[in-house]
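Structure first, then comments.
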Amino acid sequence: MQKTRRAALLLIPALAAGIALAGCTASLDGAAPKKILVAGATGQTGQLIVSELLADGYAVRALVRDTAKARKTLGDRVEYVQGDVKDPASLTAAFAGTDAVVSAIGARGARGPDRPEAIDYQGVKNLVDAAVAAKSRQFVLVSSRAVTQPDNPLNRLFGNVLTWKLKGEDALRASGVPYTVVRPGGLVNGPAGEKEIVFEQGDTVRDQTTITRADLARICVQALKHPEARNRTFEASSRPGNPVTDWRAKFAGLKPDQP
Ligand SMILES: NC(=O)c1ccc[n+]([C@@H]2O[C@H](COP(=O)([O-])OP(=O)(O)OC[C@H]3O[C@@H](n4cnc5c(N)ncnc54)[C@H](OP(=O)(O)O)[C@@H]3O)[C@@H](O)[C@H]2O)c1
């Protein structure tokens, strides 16, 4: 009797922990809620990634270039770290105490200090190096479709943006940090969850495709929740059809990248 009572008492905290975990949507590998660093949090997609993370119960740290300005957009829902992806020293503090990172940074012009080479390649590489040093558990990178198509007109018009994005992706794939590289089609504004999401691999599609920034944000956050999304590179677009109901199955349909 005494033995049974002791066992029951021991079980109570374990059961309580189980209930807490079962009710918790924000988890990497089913563990406790996690803190996610969002680079590019003030951008059009970044803001939606922040909202999606918060809605899913994650704690968010926003890497921003101007905290006062960012606070006007993102409010008090997130923690801020001021930094610049061109300044590696500023990234150490940004990563400290976070579990994973989602990056939706992007060059702001074809030339100048924030040109694609400096942001989409070197800036991403600086983030990757900081993620390695911080032993980040996952890095979700928003890249672009057509990065392996050097003749794409966007390269000519926008400082070789696609080619620099590919170099940024390469740095991530070579880093050893578990990653997900999402290559969206043209970004449009609109709701999430209203269309069929199409994943493709190999970057062979030459037609223009689109996806809403809200759907893209959802993909990024779902990628944190499903180990099946790790070490995958894929294009993402949408078309009329049924929205995703089973993200695990959706990611499981992707082939892992060859090392
Ligand atoms: N537009 C499209 O059709 C399309 C298609 C495929 C892929 N993409 C890619 O998708 C991603 C998201 O696009 P978007 O339209 O949502 O981007 P966006 O609104 O232009 O946002 C870019 C973000 O990057 C940040 N950033 C730029 N330079 C930075 C630096 N030096 N340090 C820290 N942060 C910096 C910006 O911060 P500030 O607010 O401080 O400037 C901003 O938060 C980008 O990588 C873009 O290239 C876009």
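Could you tell me how far the Cα centroid of the stretch 40-86 sits from the Cα centroid of the stretch 162-222, in Å? First find each Cα centre; the distance between them is then 20 Å. The figure for TYR80 is an accessible area of roughly 40 square angstrom, using a 1.4 Å probe on the protein chains alone.
Segment LYS72..ALA249, full-extension length gain: 59.9 nm, with 0.36 nm per residue of separation and the alpha-carbon distance subtracted. Between the beta carbons of SER51 and ALA110, assuming R0 = 35 Å, the FRET efficiency works out to 0.75 to the nearest 0.05.
Within the same chain, lysines fewer than 8 places from LYS125 are excluded, and of the rest, those with a Cα less than 19 Å from its Cα are LYS86, LYS135, LYS165, LYS167.
For the stretch 187-259, the C-alpha radius of gyration divided by 2.2 N^0.38 Å, with N the number of residues, is 1.06.
Each stretch of four or more DSSP H residues adds -39500 (n - 2.57); spread over every residue of the chain, this sum gives -11000 deg cm²/dmol at 222 nm.
Among the trypsin sites (Lys or Arg not before Pro) in the stretch 183-259, those located in a DSSP loop and surrounded by at most 11 other Cβ atoms within 10 Å of their own Cβ are ARG206. If the chain linking LYS135 and GLU79 were pulled fully straight, counting 0.36 nm for each residue of separation and taking away their Cα-Cα distance, it would gain 18.1 nm.
Axis angle, to the nearest 10 degrees, between helix 124-133 and the longest C-alpha principal axis of the chain: 30 degrees.
Solvent-accessible surface of the chain, taken per residue with a 1.4 Å probe and all protein chains present: 49 Å². Largest accessible area first, the residues ASP87, ASP203 order themselves as ASP87, ASP203 under a 1.4 Å probe with ligands, DNA and RNA left out. Let me know the shape class of the stretch 104-259, please: from the alpha-carbon gyration tensor, a ≥ b ≥ c as square roots of the eigenvalues, rounded when a/c is under 1.5, otherwise prolate if a/b is greater than b/c, or oblate. Judged from the Cα gyration tensor, the stretch 104-259 comes out oblate (a/c at least 1.5, b/c at or above a/b).
Need one word for the stretch 62-148: rounded, prolate or oblate. Basis is the Cα gyration tensor (sqrt eigenvalues a ≥ b ≥ c); a/c below 1.5 gives rounded, then a/b vs b/c decides. Oblate is the answer for the stretch 62-148, as a/c is 1.5 or above yet b/c matches or exceeds a/b. Across the accessible surface of the stretch 90-222, with the other protein chains kept in place and a 1.4 Å probe, carbon and sulfur atoms take up 51 percent. Computed over the stretch 115-259, relative contact order equals 26 percent, with contacts defined as Cα pairs under 8 Å that lie 6+ residues apart. Taking the DSSP bridge list for the chain and keeping only pairs wholly inside it, about 15 percent are antiparallel. Highest mobility in the GNM of the chain, judged by mean-square fluctuation with C-alpha springs under 10 Å and restricted to ASN155, ASN189, ASN231, is found for ASN189.
The values are calculated or read from the model by the stated rules, or taken from the named source; none is laboratory data. It should be emphasised that the depicted structure is a prediction, and the values quoted were computed from it without experimental measurement. We place every Cβ from the backbone using ideal geometry, glycine too, and count neighbours over all the protein chains shown. Only protein heavy atoms, including side chains, enter the accessible area calculation; ligands, DNA and RNA are left aside. Shrake-Rupley method; radii C 1.70, N 1.55, O 1.52, S 1.80 Å.
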